Structure formats: C-alpha cells, structure tokens
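Reviewing the structure listed below.
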Amino acid sequence: MKDMQASLEKLRTDAAEAALVRDLATEPGKKALYTMLADHLSKLADEVEQAVSRQRAQSQE
C-alpha cells in the first residue's frame, strides 16, 4: 500500500512539474507536448488513487 501511495505522490508531482514547464514554454509544440504530458500523468494519478481507495475499502471488509 505504501508503494502505491508513493507512486501516487510521484505522479502528482510529475504532473505539476509538467504543467509548470508547459506554462513557461514559449514554443507552441512544447506547450502542446507538456499539456499532453501533464494531462496523462494526472489521469494516471487518478487511476492509482482509485486503486488505493478500492484496496483500502477491501481491507476494511
């Protein structure tokens, strides 16, 4: 469970960093790339968060 939580935190941090790079980028291509990367990492983090929640719920049963 701790591994999943650590992965979740890492994904959230990476998504935030990609969003920061996107905001600082001046080239449209780089802006688009980092937008896509930030969105993808955020979605992955959401999926890990859901898995953690499901696992916690199952362990409480």
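The values are calculated or read from the model by the stated rules, or taken from the named source; none is laboratory data. Everything numeric in this text was worked out from a predicted model, so none of it was measured. With ideal geometry, Cβ positions are generated from the backbone for all residues, glycine too; neighbour counts draw on all protein chains shown.
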- Task: Report, ordered by the first and then the second residue, all pairs with beta carbons closer than 7 Å, sequence separation of six or more or different chains, a first member in the stretch 1-27 that is among the β-branched types (Val, Ile, Thr), and a second member that is assigned to a helix (DSSP H, G or I) and at pLDDT 95 or above.
- Result: Val21/Tyr34
- Which pairs have Cβ atoms under 6 Å, sit 6 or more apart or on different chains, and link a residue in the stretch 49-60 that is under 11 Å from Met1 (Cβ atoms) to one that is surrounded by 10 or more Cβ atoms within 10 Å (Cβ to Cβ) and modelled with pLDDT under 90? Val52/Met4
- Task: Looking only at the stretch 1-22, count how many residues are at pLDDT 95 or above, loosely packed, with under 15 Cβ neighbours inside 10 Å and basic (Lys, Arg).
- Result: 1
- Message: If I filter the stretch 23-37 for residues that are modelled with pLDDT of 95 or more and touching an Asp or Glu at 6+ places or on another chain (Cβ under 6 Å), do I get at least one hit?
- Response: no
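Taking Ala32, is it part of a helix (DSSP H, G or I), free of Cβ contacts under 8 Å to residues at least 12 places away in the same chain and among the hydrophobic types (A, V, I, L, M, F, W, C)?
Yes: the conditions hold for Ala32.
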